[in-house]
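The values are calculated or read from the model by the stated rules, or taken from the named source; none is laboratory data. Worth saying up front: this structure is predicted, and the values here are computed from it rather than measured. Positions of Cβ are generated from backbone atoms using ideal geometry, with glycine treated the same way; all protein chains shown enter the neighbour counts.
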Ligand code: PLP
């Protein structure tokens, strides 16, 4: 009775994010989680699931880590919260700021703390505009983001997000945001004969004028927009373009950061140093609500010359408990060589994808960078013919996985809902990766029986 009573309360009192409200008030919650251990989450009804997406791509260290719980308890008992406004500070925030600057590439040596990814991206937009304003260039305000990108839901981050559903929800957002074609390397390197030139970043910069553009934001690997890998050379080309036109490069490392891609940060895969780097999610593995924007020294040095109030900040900027948990999370990532494990598990995952592609004619376009991965489902992969849009192929496969106690996420491509995303906690082992593949194998078999 407790479980059904809780479901009734949920339906009545709890408006859920990114959930179909009508379905939720009809059916109640799909699962109510109550415990977690490693890659597994347990529900109130006693059932256990493999968390194949690290919940929201964020539980990097895995569930149920007692060391993090103890750290939170110790810090909360000592000083749960303190302000960072008006010159106040606290120990964990300072130590975390210093730690991040040693981990981050190049001279990203300071941080502005937030409570999550959307706040980080909005903060980065404001810092970028402020930086140019301080340089006497108040008209450098426009932001270029990429098609298929996801940057969050606050009004600035949502405007930069290119997934249409988020715009349909709230209508217009921040002005002065442009969406460029993603991942066309030649254009960004200046090849105007490239047939994709129209709409690429360089084209937008030239049309709008570099003196009006504050920054370009991108995820090193696009996450919610479909797990799209940039071609080699793309991030370097954008970095070059930013230098050429005096535009700031903002890397949204909210998913990629903290080991997800087999390097500590996504940009490390290509040796690129952004001007501003937004982090959240994996910084604390979801054990505390924390984000931040790392600043290159030239930006920090410009801002610290300002002798009036920096009128930006969140109550929870530099939250001592959140920062203490993040510090411990990073310590564990390093101590247990979790990033090395990600590299090893990527190979196991790739083998699994190859097996699935050999066995299942619908499976194609698999990709993985570390444990950020996906594959697509096509009616005829040789001819590149997608399933009819009415067949939500990825949703069907993900539902079959769900019946087999594996949680994954279907994503939308330009041909329909046909992308299956897989991003388990980074502490996963070989046998567990193989278990995910085995469940996918069964799930795809059921799907193919129905539609082929
Ligand atoms: N940026 C990226 C790449 C994300 O994937 C997300 C969340 O999924 C965000 C930003 C927004 O972060 P948050 O939900 O913590 O505001």
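Of the residues making up the range 401-415, just one is touching a strand residue (DSSP E or B) at 6+ places or on another chain (Cβ under 9 Å) and over 30 Å from residue 339 (Cα atoms), namely 415. Across the range 15-51, the number of residues qualifying as within 16 Å of the ligand (Cβ to nearest atom) and either closer than 22 Å to residue 326 by Cβ or in contact with a strand residue (DSSP E or B) (Cβ under 6 Å, 6 or more places away or on another chain) (or both) comes to 1. When each of 133, 126 is tested for being more than 15 Å from the ligand (Cβ to nearest atom) and closer than 24 Å to residue 289 by Cβ, the lone residue that passes is 126. Residues considered: 244, 176. Of these, the only one that is surrounded by fewer than 18 Cβ atoms within 10 Å (Cβ to Cβ) and touching a strand residue (DSSP E or B) at 6+ places or on another chain (Cβ under 8 Å) is 176. Here residue 167 meets each of (1) part of a helix (DSSP H, G or I); (2) modelled with pLDDT of 95 or more; (3) more than 25 Å from residue 302 (Cα to Cα); (4) within 16 Å of the ligand (Cβ to nearest atom) with one exception, condition (2).
Selection of the range 346-373 for residues being closer than 17 Å to residue 428 by Cα and either touching a helix residue (DSSP H, G or I) at 6+ places or on another chain (Cβ under 6 Å) or in a strand (DSSP E or B) (or both) yields 348, 349, 352, 368, 369, 370, 371, 372, 373.
Considered as a group, the residues in the range 263-276 that are away from the ligand (no atom under 12 Å from the Cβ) and surrounded by 24 or more Cβ atoms within 10 Å (Cβ to Cβ) include one that is nearest to residue 59 (Cα to Cα), and that residue is 265. For residue 148, which of the numbered conditions (1) more than 12 Å from the ligand (Cβ to nearest atom); (2) crowded, with 20+ Cβ neighbours inside 10 Å; (3) not in a helix (DSSP H, G or I) fails to hold? If we test residue 148 against (1) more than 12 Å from the ligand (Cβ to nearest atom); (2) crowded, with 20+ Cβ neighbours inside 10 Å; (3) not in a helix (DSSP H, G or I), just (1) comes out false. Against the list (1) within 16 Å of the ligand (Cβ to nearest atom); (2) more than 20 Å from residue 163 (Cβ to Cβ), the condition residue 202 fails is (1). In the set 83, 115, only one residue is surrounded by 12 or more Cβ atoms within 10 Å (Cβ to Cβ), assigned by TED's automatic domain parsing to the domain that holds residue 324 and away from the ligand (no atom under 16 Å from the Cβ); that residue is 83. Within the range 132-147, the set of residues being in contact (Cβ under 8 Å) with a residue 12 or more places away in the chain and more than 16 Å from residue 251 (Cβ to Cβ) comprises 132, 134, 135, 137, 139, 140, 141, 142, 147. The single condition among (1) buried (at least 18 other Cβ atoms within 10 Å of the Cβ); (2) free of Cβ contacts under 8 Å to residues at least 40 places away in the same chain; (3) in a loop (DSSP other than H, G, I, E, B) that residue 159 does not meet is (3).
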